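First the structure, in the form of structure tokens, and then the observations on it.
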Amino acid sequence: MSKPQVLVIGPYPQWDMDALDARFSLHRLWEATDQDALFAAHADSIRAVATRGDLGADAALMKRLPNLEMISCFGVGVDGIDLEYARSASIKVANTPDVLTDDVADMGVALLLAAARRIPQGDVHVRSGAWLENAMGLTSRVSGKRLGVLGMGRIGAALAKRMRGFDMTIAYHNRSRRDDIDAAYMESPQALAAASDFLVITTAGGDGTRHIVDGSVLEALGPEGVLVNISRGSTVDEEALIDALAQRRIGGAGLDVFAAEPDMDRRLLDFENVVVQPHHASGTVETRKAMGKLVLDNLIAHFDGVDLLTPVV
């Protein structure tokens, strides 16, 4: 029996590519010197797509694959996948939630601490020899402060659990109130920011949350407040953020995600009170292996005719 044919949009770690290759006949789109020729030769035979959250799958791609049945996405974020078209074409979509929750929440803690305590700047202060000349300036305490979580899903709840160890007062804003969360519910992002010393964005991406953190939210956060984003770059109005940083209307930021990746707005690097990471919150060996296995397991489930493990559509 021939193996089902799968179009892989971009590379995965080699251990995942090997596992996929053992079960499926793969077409590596990123390696194709002539992508039109690849589609012309194989489009009718391709029944599934394996993609990543940063690469997505738009309607134009799906339309080129007349027998496409499902898309398996490496990552939680599916805002790069045209879900509306997928539904209309009865194309199943799966992602990889849960397995990265702990690592992303850990990164939220790390960025919050790094921005507040100026950990990167302290490292530079020692390495550069500046410590020999003068003491580093004072930083901001984290323990006992007010934490605002924008998006109280799996990651938001995991972050809140961790930050309770810092004796923080926790509030949140979500699409709906959660009775199972021991934290104060705020009616708007602006109200949450006004009640926070640290505002951490953990909400999903997509049109519904685009620029949910805008100039008014940053104004409410205030000149001592710190913004941390471990969600999607689209959730923050970066022009408003850059302006707020330049005018010192907020105290700093810790950013793992950006509006354009990896070609981020370089102006953000001009601010010494901004800590940046290369969209790497889930970037541990353990989590990436678990994500890859879930991509594979969802594909296997589909072709075995059983329910997807983590369906989106």
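Only helices at least 20 Å long along their own axis, judged from Cα atoms, and with Kyte-Doolittle mean hydropathy of -0.5 or greater: name those in the chain from DSSP H. Could the numbers behind the result be given before it?
Numbers: long enough: 101-117 (24 Å, 0.86); 285-303 (27 Å, 0.29).
Those that pass (Cα extent of 20 Å or more, hydropathy at least -0.5) are 101-117, 285-303.
More than 12 angstrom separation, counting every C-alpha pair in segment 98-146; what % is that? Don't jump to the answer; show the numbers that get you there.
Values: 817 of 1176 pairs.
Taking all Cα-Cα pairs of segment 98-146, the fraction more than 12 Å apart is 69 percent.
Could you give the radius of gyration (one decimal) and Dmax (whole number) of the Cα atoms in the chain, in Å?
Taking only Cα atoms of the chain, I get Rg and Dmax of 21.6, 73 Å.
Which values, in whole Å and largest first, are the semi-axes of the equivalent ellipsoid of segment 1-44 obtained as the square root of 5 times each eigenvalue of the Cα gyration tensor?
Details: eigenvalues 69, 43, 6 Å².
They are 19, 15, 6 Å, listed largest first.
Any idea what % of Cα-Cα pairs in segment 101-276 are farther than 27 Å? Write out the running numbers ahead of the final one.
Numbers: 3317 of 15400 pairs.
Summing the P(r) of segment 101-276 above 27 Å gives 22 percent of all pairs.
So which lysines can Lys92 reach, going by Cα to Cα under 21 Å and dropping same-chain residues fewer than 8 places off?
Partners found: Lys3, Lys63, Lys293.
Which three extents, in whole angstrom, do the alpha-carbon atoms of segment 115-198 cover along their principal axes, largest first?
53, 22, 19
Considering the convex hull of the alpha carbon atoms of segment 13-119, report its projected area averaged over all viewing directions, in nm², one decimal. Provide the component values of the computation, followed by the final result.
Working: hull surface 36.3 nm².
Averaging across all directions leaves 9.1 nm² for the Cα convex hull.
If you wrap a convex hull around the Cα atoms of segment 216-313, how much volume per residue is inside, in Å³?
On the way: hull volume 12.7 nm³, N = 98.
Per residue, the Cα convex hull of segment 216-313 comes to 130 Å³.
Please sort 141-152, 237-248, 105-116 by packing, taking for each peptide the average over its residues of neighbouring beta carbons within 10 angstrom, highest first.
On the way: 141-152: 20.9, 237-248: 17.0, 105-116: 22.8.
Highest-to-lowest ranking by the protection proxy: 105-116, 141-152, 237-248.
With a 10 Å Cβ neighbour count serving as the proxy for reagent exposure, in which order, fewest first, do Tyr185, Tyr12 appear? Please report the intermediate quantities before stating the final value.
Working: Tyr185 16, Tyr12 21.
Starting with the residue having the fewest Cβ neighbours, the order is Tyr185, Tyr12.
How high is the relative contact order of the chain? Use alpha-carbon pairs under 8 Å, at least six apart in sequence, and give a whole percent. Intermediate values should be presented prior to the final figure.
On the way: 581 pairs, mean separation 54.5, N = 313.
Result for the chain is 17 percent.
Readers should treat all values here as calculations from the given coordinates under stated rules, not as data from a laboratory. Keep in mind the model is a prediction, meaning the values are calculated, not measured. As a convention, Cβ positions derive from the backbone with ideal geometry for all residues, glycine included, and neighbour counts pool all protein chains shown.
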